[in-house]
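What follows is a single structure, written as structure tokens, with notes after it.
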Amino acid sequence: VVLMQRSVTEILANIRLLGRVAGVSDRGEQLARSLEDRLASTMQRVKGRTLPRAVMITGRLGNGLLLVARPGTYTGDAIELAGGRFALEGRGVIAQVSPEAIMSADPDVLLYAGSPADRDELIKRPGWSEMRAVTTKRAYAVSRVELLIPGPRTIDGIEHLAALLHPMASEQ
């Protein structure tokens, strides 16, 4: 079975499909519903709040460009479902951006899919320290496993993103 998982909706549909293929459709349905309920709860907590402008760096290329989450992907869905919006608007399907483009976007929140040490190394580079997300201490390392590998853990990632994007909502 080859699965396409371009969105959170497709991830949930594939959980149901895998349950049917494995002959345990009830378990697949139960898991998908449980994940949908958690997602709905997270979305309800952030509903009506100001949407912070976010950039999620998902990788670094040898030529200095950075890979970022974008609309039309499950990682982009994660940002939006967690109550964020894209600081790099109008980039379409282009995933590679320059560090200068990110600095120019001046996001409210900077998310780095990787280790805190790698995030720290990046934001110590010239120009990054003036970025709003860095000066307000909203530059976070986030889990690659939860956000870059599509599957049930993606919902964990969305819950964690919502807590970072809306810290007051997670306390309620």
Given the criterion open to solvent by 60 Å² or more (accessible area, probe 1.4 Å), touching a residue at least 40 places away in the same chain (Cβ under 8 Å) and more than 30 Å from VAL97 (Cα to Cα), identify the matching residue among LEU31, LEU35, LEU18.
LEU31
Output the residues belonging to the stretch 1-15 that are open to solvent by 60 Å² or more (accessible area, probe 1.4 Å) and farther than 18 Å from ASP156 by Cα.
VAL1, VAL2, MET4
Residues of the stretch 141-150 being part of a helix (DSSP H, G or I) and open to solvent by less than 30 Å² (accessible area, probe 1.4 Å), which ones?
LEU147
Name every residue in the stretch 58-80 that is hydrophobic (A, V, I, L, M, F, W, C) and either on the phi > 0 side of the Ramachandran plot or over 9 Å from the mean Cα position of the chain (by Cα) (or both), in order of residue number.
LEU61, LEU65, LEU66, LEU67, VAL68
Taking the stretch 91-117 and keeping only residues that are closer than 26 Å to THR50 by Cβ, hydroxyl-bearing (Ser, Thr, Tyr) and modelled with pLDDT of 95 or more, one is left with TYR112
Log entry, pairs with first residue in the stretch 43-61 being over 14 Å from GLU89 (Cβ atoms), second being open to solvent by 80 Å² or more (accessible area, probe 1.4 Å), beta carbons closer than 9 Å, six or more apart or on different chains, reads ARG45/GLN172; ARG49/MET168; THR58/ARG144; LEU61/GLN96
Failed condition for THR73, given (1) out of contact with any strand residue (DSSP E or B) (no Cβ under 9 Å at 6 or more places or on another chain); (2) at pLDDT 95 or above; (3) under 16 Å from THR154 (Cβ atoms):
(2)
Just checking, which of GLY72, GLY114, GLY157 is within 16 Å of LEU39 (Cβ to Cβ) and not aliphatic (A, V, I, L, M)?
GLY157
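The values are calculated or read from the model by the stated rules, or taken from the named source; none is laboratory data. No experiment lies behind these values; they were computed from the predicted model shown. Neighbour counts are summed over all protein chains in view; Cβ atoms, including those assigned to glycine, are modelled from backbone coordinates with ideal geometry. Areas reflect the complete protein model, heavy atoms only, side chains present, ligands, DNA and RNA absent. Shrake-Rupley method; radii C 1.70, N 1.55, O 1.52, S 1.80 Å.
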